[in-house]
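Chemist: Questions regarding the structure given below will be posed in turn.
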Amino acid sequence: MHKRHRPTGDLIFPALLGFVVGTALQLQQAALWSWTTYLIGLVLALLLWLAGKAVTGLTRSALLALACGTLALASTGLRASYYAAHTLEPALEGRNLLVLGVVDAMPQQSQDGERFRYAVESAQWQGRAVQLPSHLYLSWYANTGNHFVENEEALDAEADTALPGGLQAGERWQFTLRLKAPHGGSNPFGFDYELWLWEQGLQASGYVRSGRHDAPPKRLAQTYRHPIELARQQVREKIYQSVGASEFAGLIAALVVGDQNAINRSDWNIFRATGVAHLMSISGLHITMFAWLAALLVGWLWRRSASLCLRWPATDAALLGGIFLATLYALFSGWGVPSQRTILMLATVGLLRVRGKRWPWPLVWLLACAVVVAVDPWALLQAGFWLSFVAVGILFASDSDSGPPRGVLARLRADWHEQWLITLALTPLVLLLFGQVSLVGLAANAVAIPVVTLLITPLAMLGVLLPVLWQMAAWVVSGLLWYLHWLAALPFATLTLAQAPLWAGVVSVLGGLLLALPLPWRLRLLGLPLLLPVCLWQVPRPLPGQFDLLAADVGQGNAVLVRTERHALMYDSGPRFGRDSDAGERVLVPLLRALDEHLDTLIISHRDSDHTGGALALLAMQPQATLLSSIEDDNVMQATRHAQRCIQGQHWRWDGVDFDILHPSAADYALGRKSNAMSCVLRISNSQRSALLVADIEQPQEAQLLAQPTALQSDLLLVPHHGSKTSSSDAFLAAVQPRLALVQAGYRNRFGHPAASVMARYAQHGIAVVLSPRCGAARWLSTQPEQVNCQREQARRYWQHQF
């Protein structure tokens, strides 16, 4: 029997805790320090460690914790500094570069083309060798004859040939590329695309140019540099060939080779609504399940040989063999961040057991956490990290010493109890991270966990050897999807609350943990009042008679949320990014959900896709919202929600704030004007401050507005047509006299918005201009009309795009 090991002087716990906290502090830096500062930090960590070893008691623990924290902060800073020193030179952005390299991962396919990682070998610009980042994230757009207007990369690619049969991992290609620095939208509660690129080691993104004036893409050879990625791609292709329904094939591909993009967006919505999204991609649960099954198999085989058992205990061989085979599975499934975390955790716990270390569960849990953080410090910023480690901690804490349950009923009862504890403990954390929790998650997981882990995943994996099993897996998937669709359709399927601030979320998470821990019920019930902050939190709203605007960072398009004391309006809905992606689904729906905002009105200024792209997603989420627009009667949106025409003279008043439609006139609808000329113009005002939202009007429409008797003067102006040369006339600016002007445009967009001549005109009028690529989401308050609060400034981190 193993003896319980007590860490010497109880110093391991503070050392590990200090390391994790030090890493977390470094991740809060808005900008990196100098290399010298971090090197001094390493020396300081060593001195603190030596000082700690010379004392005893709490002082020693504190000094060792501080030493490990300083070590983590300095070492993470050095890693980040080295990485940041190899970014794309700004002078090379937007240039046509001739690049030679290798496709180093399985490409991701979509209706618009392919996205893929590309390892650079050499690059030239105008015949001169240039230095590029080692890895790029590229798009190659297929010529479908129907590129989206707002997708400036697809348009600028000028593709006149379709993809040549698709890319293969490991192929060496020569491309003409146009690159840009990693840049994504910066919105409250939004996905940090720049952090994702940073963690993936991708320091520039871009697209393949294949127009008539570009050197054509050239496939040079199939290398042997990425055999696992090539095998993954070949297996994915066989899955699609074997399974007829792409909906089912995508889910099977996600479980076998880790291709999460293969799952339809509508299915992801169902999985999130029912709380089973963690099952539908290669997650810690799948890796752990595979390791457990592999350990059983290795142990069974090992016990068949007496000589092997004499050389090494079967339990140890099974444990390490299961971890080794699970690592191979994780590699084949794409070696995603969740898989890496799980392998590191399994390896840490496994090595402790093999060496006979019986540490208390909090120490084992913290050691696994510290190992993961040491390998990938930025994992601390991932929601999946916290969900998985809290779940593991709950399982550790609730584990009894009575041994595994005996019998099928006992096993099912234990599994149900574990799932209930995890659901109870994670609910506050899920609300903190996502602002939404599934109320049918327990019922969904009770069926989905055994079906996915014991039926679908094994059948999908064995299908690699016997493809007919993929069809069997598809049948099981169809039944599971029917059940999940039924649950998601229930009126109480999900609970959405405003996302609470960090302090409220932490308190509520502690309450959930207290309820889940194996403590007397009198103590566990004390966790209930701790849940109140996250459940009762409400986002502060404008005072009576005041209003605020939030211009979302949606790229090349308009989307402005207007709020009064008790009402909300969305002006335009941003662009479509592709056939299966739009600003509504990716930016606006999560934003409104996090704010727990219910729209009274959605105004779609005109029919251009950079203004209508997210409308359908918004209308689906906000069934109570009235649609006001100038779109034509046969527009596709009319089938979802009948649109009232916006007509000059319309007026309403919310909470002491006036809303006036200034354009178009009723007569404009009969004149067949072009789309921009039909833009709905909205003026919002109280007795003191006002804002003017004008969409894509041009100088003729500006003249029409000047001819009206209605006052145009406003404190804030949404710059017409994203700063196009066709708008913002001197007369119009003189009439509006804004303090601030806001440009919503895409970073390095192909239209050149905003035009330099237009910006010079604003400067001549003494108008301060705020650009969304630099500002991110911009918030303006009628109570503070002289300033705009920029999301990029308020939440700046060093991995974000530096201008």
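The values are calculated or read from the model by the stated rules, or taken from the named source; none is laboratory data. Bear in mind that the values here come from a model prediction, so they are computed numbers and not experimental data. In this analysis, Cβ positions are derived from the backbone assuming ideal geometry, glycine residues included, and neighbour counts consider all displayed protein chains. Areas reflect the complete protein model, heavy atoms only, side chains present, ligands, DNA and RNA absent. Shrake-Rupley method; radii C 1.70, N 1.55, O 1.52, S 1.80 Å.
Chemist: Answer rounded, prolate or oblate for segment 411-529, using the Cα gyration tensor with square roots of eigenvalues a ≥ b ≥ c: rounded when a/c is under 1.5, else prolate when a/b is larger than b/c, else oblate.
Modeler: Working: a/c = 2.68, a/b = 1.94, b/c = 1.39.
Prolate.
Chemist: Something else: Express the relative contact order of the chain as a whole percentage, based on alpha carbon pairs under 8 Å and six or more residues apart in sequence. Provide the component values of the computation, followed by the final result.
Modeler: Details: 1559 pairs, mean separation 80.2, N = 803.
Relative contact order here is 10 percent.
Chemist: Right, something else. In the P(r) worked out for segment 474-555, what percent of Cα pairs fall beyond 16 Å?
Modeler: Numbers: 2402 of 3321 pairs.
Here the tail beyond 16 Å accounts for 72 percent of pairs.
Chemist: Where does the chain land at 222 nm, in deg cm²/dmol rounded to the nearest 500, when only DSSP H runs of n ≥ 4 count, each adding -39500 (n - 2.57), divided by all residues?
Modeler: Details: 31 runs with 354 residues, N = 803.
About -13500 deg cm²/dmol.
Chemist: Please state the equivalent ellipsoid semi-axes for segment 503-611: what are the square roots of 5 times the Cα gyration tensor eigenvalues, largest first, in whole Å? Could the numbers behind the result be given before it?
Modeler: Working: eigenvalues 295, 68, 15 Å².
Semi-axes (√(5λ), whole Å): 38, 18, 9.
Chemist: Please give the length that would be gained between Val354 and Gln794 if that part of the chain were fully extended, namely 0.36 nm times their separation in residues minus their C-alpha to C-alpha distance (nm, one decimal).
Modeler: 153.6 nm
Chemist: Separate question: List, in order, the whole-Hz ³J(HN,Hα) value for each residue of segment 774-784 obtained from phi through the Karplus relation with A = 6.51, B = -1.76, C = 1.60 and θ = phi - 60°; use x for Gly and Pro.
Modeler: Once rounded to whole Hz, the list reads 8, 8, x, 4, 10, 10, 10, 10, 5, 7, 9.
Chemist: Can you list, largest first and rounded to whole Å, the semi-axes you get for segment 48-112 by taking the square root of 5 times each eigenvalue of its Cα gyration tensor? Please list the in-between numbers first.
Modeler: Working: eigenvalues 456, 54, 18 Å².
Here the semi-axes work out to 48, 16, 10 Å.
Chemist: Could you report segment 199-275's accessible area per residue, 1.4 Å probe, as an integer in Å²? Provide the component values of the computation, followed by the final result.
Modeler: Working: 3470 Å² over 77 residues.
Per residue, segment 199-275 has 45 Å² of solvent-accessible surface.
Chemist: Give me the mean projected area, in nm² to one decimal, of the convex hull enclosing the Cα positions of segment 170-229.
Modeler: Details: hull surface 23.8 nm².
If I average the Cα hull's projected area over directions, I get 5.9 nm².
Chemist: Over the Cα atoms of the chain, compute the convex hull volume and normalise it per residue, giving Å³. Mind dumping the intermediate values first?
Modeler: Working: hull volume 159.8 nm³, N = 803.
Looking at the chain, the number lands at 199 Å³ per residue.
Chemist: What spacing in nm lies between the two simple spin-label points modelled at Ala62 and Val636, each 7 Å away from Cα in the Cβ direction?
Modeler: 6.4
Chemist: May I pose another question? Mind checking the full-extension length gain between Leu490 and Gln124? Use 0.36 nm per residue of separation minus the Cα-Cα distance, one decimal, nm. Please report the intermediate quantities before stating the final value.
Modeler: Working: separation 366, 0.36 × 366 = 131.76 nm, distance 5.77 nm.
Here the answer is 126.0 nm.
Chemist: Mind checking the per residue accessible area of segment 5-112 for me, 1.4 Å probe, whole number of Å²? Write out the running numbers ahead of the final one.
Modeler: Values: 5500 Å² over 108 residues.
Value for segment 5-112: 51 Å² per residue.
Chemist: Only helices at least 24 Å long along their axis, Cα-based, and averaging 0.5 or more on Kyte-Doolittle count here, so list those DSSP H runs from the chain.
Modeler: Numbers: long enough: 35-53 (28 Å, 1.56); 57-84 (41 Å, 0.87); 284-302 (26 Å, 1.60); 314-332 (27 Å, 1.64); 337-354 (25 Å, 1.07); 408-434 (36 Å, 1.03); 468-488 (30 Å, 1.24).
Answer set is 35-53, 57-84, 284-302, 314-332, 337-354, 408-434, 468-488.
Chemist: Once you measure Cβ to Cβ distances between cysteines in the chain, which Cys have no partner under 4.7 Å?
Modeler: So, Cys68, Cys309, Cys369, Cys535.
Chemist: Which whole-Hz ³J(HN,Hα) couplings does segment 562-577 yield from phi under the Karplus relation 6.51 cos²θ - 1.76 cosθ + 1.60, θ = phi - 60°, glycine and proline marked x?
Modeler: 10, 10, 10, 4, 10, 9, 8, 9, 10, 9, 6, 10, x, x, 8, 9
Chemist: Is the shape of segment 622-729 best called rounded, prolate or oblate, per the rule: a/c under 1.5 gives rounded, else a/b larger than b/c gives prolate, else oblate, with a ≥ b ≥ c the square roots of the Cα gyration tensor eigenvalues? Present the calculation step by step, with values, prior to reporting the outcome.
Modeler: Working: a/c = 1.73, a/b = 1.12, b/c = 1.54.
The shape class here is oblate.
Chemist: In addition: More than 21 angstrom separation, counting every C-alpha pair in segment 595-670; what % is that? Working shown, then result.
Modeler: Numbers: 854 of 2850 pairs.
Every Cα pair in segment 595-670 considered, those over 21 Å come to 30 percent.
Chemist: Counting only DSSP beta bridges with both residues in the chain, tell me the antiparallel percent, nearest 5. If you can, show how the numbers build up before the last one.
Modeler: Working: 67 of 90 bridges.
That works out to approximately 75 percent antiparallel.
Chemist: Calculate what fraction, in whole %, of the accessible area of the chain sits on carbon and sulfur atoms when a 1.4 Å probe is rolled over the protein chains.
Modeler: The C+S portion of the solvent-accessible surface of the chain is 61 percent.
Chemist: Let me ask something else. Amide H of Ala741 versus every other amide H placed in the peptide plane: which residues, excluding those fewer than 5 positions away on the same chain, fall under 5 Å?
Modeler: Leu717, Ala768, Val769, Val770
Chemist: How much accessible area per residue does segment 617-711 have, in Å², with a 1.4 Å probe?
Modeler: On the way: 4090 Å² over 95 residues.
Normalised by residue count, the accessible surface of segment 617-711 is 43 Å².
Chemist: A further question on this structure: Let me test this: with uniform point scatterers at the alpha carbons of segment 508-568, what is the Debye-based log₁₀ I(q)/I(0) at q = 0.17, 0.18, 0.27 1/Å?
Modeler: Relative scattering, expressed as log10 I(q)/I(0), comes to -0.68, -0.71, -1.02.
Chemist: Mind putting a number on the dipole of the chain about its Cα centre? Charges go on the C-beta only, +1 for Lys and Arg and -1 for Asp and Glu, and I need it in Debye to the nearest 20. Don't jump to the answer; show the numbers that get you there.
Modeler: Working: 61 positive and 55 negative charges, 616 e Å.
Magnitude of the dipole: close to 2960 debye.
Chemist: A further question on this structure: Kindly state, to the nearest 0.05, the FRET efficiency for Gln419 paired with Ala31, given R0 = 45 Å and r defined as their beta-carbon distance. Kindly include the intermediate steps, with their values, before the conclusion.
Modeler: Numbers: r = 44 Å, r/R0 = 0.97.
E between Gln419 and Ala31, to the nearest 0.05, is 0.55.
Chemist: Using a/c under 1.5 as the rounded threshold, could you call segment 15-90 rounded, prolate or oblate? The axes a ≥ b ≥ c are square roots of the C-alpha gyration tensor eigenvalues, and prolate needs a/b larger than b/c, oblate otherwise.
Modeler: Values: a/c = 3.95, a/b = 2.37, b/c = 1.67.
Prolate shape, in that a/c is at least 1.5 and a/b is the bigger ratio.
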